[in-house]
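Notes for the one structure printed next.
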Amino acid sequence: MYSFRRLALLLALTLPASQAVMAESAASSSSLDGSPVAQEQTQQPAGATGTAQNETLSPGELSVQARIRARRAQRRAQAIHDTYSHLYEAYLGMDYQRFIPGPNKQRVTMYAWDTALTRYYNERLGVTVDGRGYYGTPYVGLNPSSITRPAISQYDILAGPVYRFYLHPKYSIAGRVMGGTSHGNFSGDTNGFGGQALGMYPDGWTYAFNASLLGEVNVSPNLSVRLGGEYMGTGFGSTLQNSRGFTFGFVYRFGKQ
């Protein structure tokens with residue numbers, strides 16, 4: 001009877017201890033399986049598979065993007081060709097210029113009509129023939145004629161190359177240089193006193209040259225609006241007049257190269 005009690009007591013003490021040992025062992029096993037290393041080992045094949053899939057799909061995606069870019073470039077090139085492949089270009093507009101009418105006179109504002117025709121040999125290079133007439137009323141000061149603001153005029157015939165150095169389907173930027181001749185009429189409104197008597201240059205022909213930076217915004221492949229800054233040099237009175245201004249007007253393109 002006493003031995004049986006001792007055996008029962010021993011079993012009662014051993015059973016909880018064994019359960020605690022088994023629980024600790026299970027926890028250790030679970031922590032080992034859930035460790036970062038185990039997770040990495042478990043997830044590594046899936047990640048490797050995803051990388052392989054990306055490497056497999058990447059050339060196809062790049063190919064689609066390349067085709068899209070190629071189509072865009074083709075459409076842009078076609079639009080540029082349709083706009084700038086015309087053989088001729090006609091211009092009609094107005095000019096503004098600050099001009100010195102005499103050796104000791106202040107500058108006067110001159111307004112002009114301007115017309116030009118350009119023949120293009122490719123999309124960028126052409127030759128322009130330009131005709132324009134300027135009109136103004138300079139202040140000449142007090143004088144015996146009692147004429148203080150006579151009307152004067154200047155007419156230019158110019159020609160030279162033009163080059164489009166930037167082309168876009170919607171706009172373009174070009175540079176142009178022209179040379180030619182200019183006729184000044186400084187005495188027509190002096191009642192016979194003459195322009196020189198009022199301190200202005202003598203009437204006559206002289207050389208002229210022009211440099212322009214032209215910007216155009218396309219309304220359609222055949223029509224655009226032009227705005228450009230200009231420098232004009234003339235030689236009235238055997239001196240050099242440095243005049244600056246701008247031109248504004250409309251361009252019509254026609255003919256095919």
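The values are calculated or read from the model by the stated rules, or taken from the named source; none is laboratory data. Bear in mind the structure is a predicted one, so any value in this text is a computation, not a measurement. In this analysis, Cβ positions are derived from the backbone assuming ideal geometry, glycine residues included, and neighbour counts consider all displayed protein chains.
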- Quick check: anything in the stretch 193-214 farther than 21 Å from Y120 by Cβ, touching an Asp or Glu at 6+ places or on another chain (Cβ under 7 Å) and modelled with pLDDT under 95? yes
- Failed item, numbered, when S146 is tested on (1) in a loop (DSSP other than H, G, I, E, B); (2) touching a residue at least 24 places away in the same chain (Cβ under 8 Å); (3) over 24 Å from R98 (Cβ atoms): (2)
- Task: Answer yes or no: is there a residue in the stretch 129-136 that is surrounded by fewer than 22 Cβ atoms within 10 Å (Cβ to Cβ), of a type in the set (A, V, I, L, M, F, W, C) and assigned to a strand (DSSP E or B).
- Result: yes
- Item | Among the residues listed as R72, R107, the single one being over 30 Å from H183 (Cα atoms) and either among the charged types (D, E, K, R) or surrounded by 16 or more Cβ atoms within 10 Å (Cβ to Cβ) (or both) | R72
- In the stretch 94-150, anything farther than 17 Å from Y231 by Cα, touching a Gly at 6+ places or on another chain (Cβ under 6 Å) and among the aromatic types (F, W, Y) is listed as Y120
- Message: Which of the numbered conditions does V219 fail, given that it passes all the others? Conditions: (1) exposed (fewer than 13 other Cβ atoms within 10 Å of the Cβ); (2) touching a residue at least 24 places away in the same chain (Cβ under 8 Å).
- Response: (2)
- Query: Quick check: is even one residue across the stretch 97-110 in contact (Cβ under 8 Å) with a residue 60 or more places away in the chain, among the charged types (D, E, K, R), more than 17 Å from Y252 (Cα to Cα) and assigned to a strand (DSSP E or B)?
  - Reply: yes
- Selected residue (criterion: farthest from A197 (Cα to Cα)) from residues of the stretch 64-96 that are among the aliphatic types (A, V, I, L, M) and not in a strand (DSSP E or B): V64
- Query: If you go through the stretch 80-90 one residue at a time, do you hit one that is farther than 24 Å from V217 by Cβ and either surrounded by 15 or more Cβ atoms within 10 Å (Cβ to Cβ) or free of Cβ contacts under 8 Å to residues at least 24 places away in the same chain (or both)?
  - Reply: no
